[in-house]
Amino acid sequence: MRAVVLDADGLPGLAEVPDPDGPGDLVRVLACGLCGSDVEKLGHGPAGAVLGHEIVGELDTGERVTVMHRVPCGTCERCLAGHESTCDEFQQLRIDPGGFAERLRATQTIPLGAIGLEGIWVEPLGCVLRAAERVPRGRVLVVGCGAVGQLWVQVLLRRGDEVVAADTRPERLAQALRLGAVADGSVVAAVVTAPAGLNDALASVVPGGTVLVFAAPAERVPFALDTVYRRELHVVGSRSATHESFKAAIALLPELDIPAAEVLPLERFAEGVELYRRGDALKVVFTP
């Protein structure tokens with residue numbers, strides 16, 4: 001089958017690879033979204049790796065599913081404390097290979113029901129829903145209004161928060177405002193989806209406020225530790241999703257205004273990555 005495989009330098013290229021024969025259900029991939037965490041691995045990932053985890057696929061029965069690429073145990077001390085992504089079992093990949101391929105095997109599949117290719121949003125939305133539990137209610141700043149930022153705006157508005165949006169790209173800020181956000185105001189918490197805006201977020205929240213870091217920086221970001229100290233701020237992180245937040249995302253997804261995606265075939269993978277890096281596409285999705 002065809003897959004986008006990392007070479008010895010960690011760079012992606014379309015190649016023929018054996019069909020997966022490991023444990024789990026055989027899933028025919030219908031679409032896979034490009035995540036910022038995929039882009040971070042390009043040039044650094046191990047040779048032979050196939051990335052991609054925002055997946056819509058089809059089982060032999062014809063049922064449409066999404067898959068969980070990592071699964072916490074649910075019973076260890078870390079899981080019970082709400083830090084499932086730090087669970088030892090969570091570190092094991094549950095798909096083989098990744099979603100930028102024609103087929104894969106997955107030990108954890110979740111039915112999508114009537115949801116079609118827009119099911120690629122289930123995984124990122126599940127991450128947002130899990131992370132939102134760590135954000136105090138009230139007026140909340142969302143820093144970075146790309147695809148994930150727009151999910152955040154809608155999730156926070158739906159739970160009754162007032163949302164302040166910030167983005168260096170006027171068109172992205174304008175879309176966040178159309179969704180119901182406002183452009184300024186003091187905030188009790190901030191969600192950082194664009195790590196370059198971390199210090200702006202720290203400066204924006206009220207003393208004693210909370211800043212949630214929701215994305216890893218592509219490069220080292222200076223950290224205003226003095227601001228955290230003097231204003232007694234809470235800085236927390238959240239990464240990935242759980243089975244419960246996946247299911248909640250499937251239920252919520254049809255009610256949201258989903259950002260437009262650029263859909264490309266696997267052979268145009270490099271082009272899609274450049275569109276993402278330049279910010280010319282809010283979301284890039286690949287189909288086999």
*Using the structure shown, decide if ALA114 is in contact with a strand residue (DSSP E or B) (Cβ under 7 Å, 6 or more places away or on another chain), at pLDDT 95 or above and among the hydrophobic types (A, V, I, L, M, F, W, C).*
no
*State all residues of segment 134-158 that are over 18 Å from VAL205 (Cβ atoms) and either hydrophobic (A, V, I, L, M, F, W, C) or assigned to a loop (DSSP other than H, G, I, E, B) (or both); if no residue qualifies, say none.*
GLY146, ALA147, VAL148, LEU151, VAL155, LEU157
_Against the definition (open to solvent by 20 Å² or more (accessible area, probe 1.4 Å), in contact (Cβ under 8 Å) with a residue 12 or more places away in the chain and out of contact with any Leu (no Cβ under 9 Å at 6 or more places or on another chain)), how does GLY138 come out, yes or no?_
yes
*Do we find that VAL4 is closer than 15 Å to ILE110 by Cα, of a type in the set (A, V, I, L, M, F, W, C), surrounded by 23 or more Cβ atoms within 10 Å (Cβ to Cβ) and at pLDDT 95 or above in this structure?*
no
*Number of positions in segment 253-274 that are open to solvent by less than 30 Å² (accessible area, probe 1.4 Å) and modelled with pLDDT of 95 or more*: 7
*Report whether or not PHE90 is of a type in the set (Phe, Trp, Tyr) and in contact with a strand residue (DSSP E or B) (Cβ under 6 Å, 6 or more places away or on another chain).*
no
*asked:* I want to confirm something. Restricting to segment 69-113 and keeping residues that are open to solvent by 40 Å² or more (accessible area, probe 1.4 Å) and among the aliphatic types (A, V, I, L, M), which single residue is nearest to the chain's Cα centre (by Cα)?
replied: LEU93
*Identify, from the list GLY144, GLY149, the residue that is open to solvent by less than 20 Å² (accessible area, probe 1.4 Å), modelled with pLDDT of 95 or more and out of contact with any strand residue (DSSP E or B) (no Cβ under 6 Å at 6 or more places or on another chain).*
GLY144
*Please go through segment 7-37 and pick out each residue that is touching a residue at least 40 places away in the same chain (Cβ under 8 Å) and open to solvent by less than 10 Å² (accessible area, probe 1.4 Å).*
VAL27, VAL29, ALA31, CYS32, GLY33, LEU34
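The values are calculated or read from the model by the stated rules, or taken from the named source; none is laboratory data. Owing to the predicted nature of the structure, the values given are computational and were not obtained by experimental measurement. Note: ideal-geometry Cβ built from the backbone for every residue, glycine included; neighbour counts use all protein chains shown. Keep in mind that these areas ignore ligands, DNA and RNA; they rest on the heavy atoms of the full protein, side chains included. Shrake-Rupley method; radii C 1.70, N 1.55, O 1.52, S 1.80 Å.
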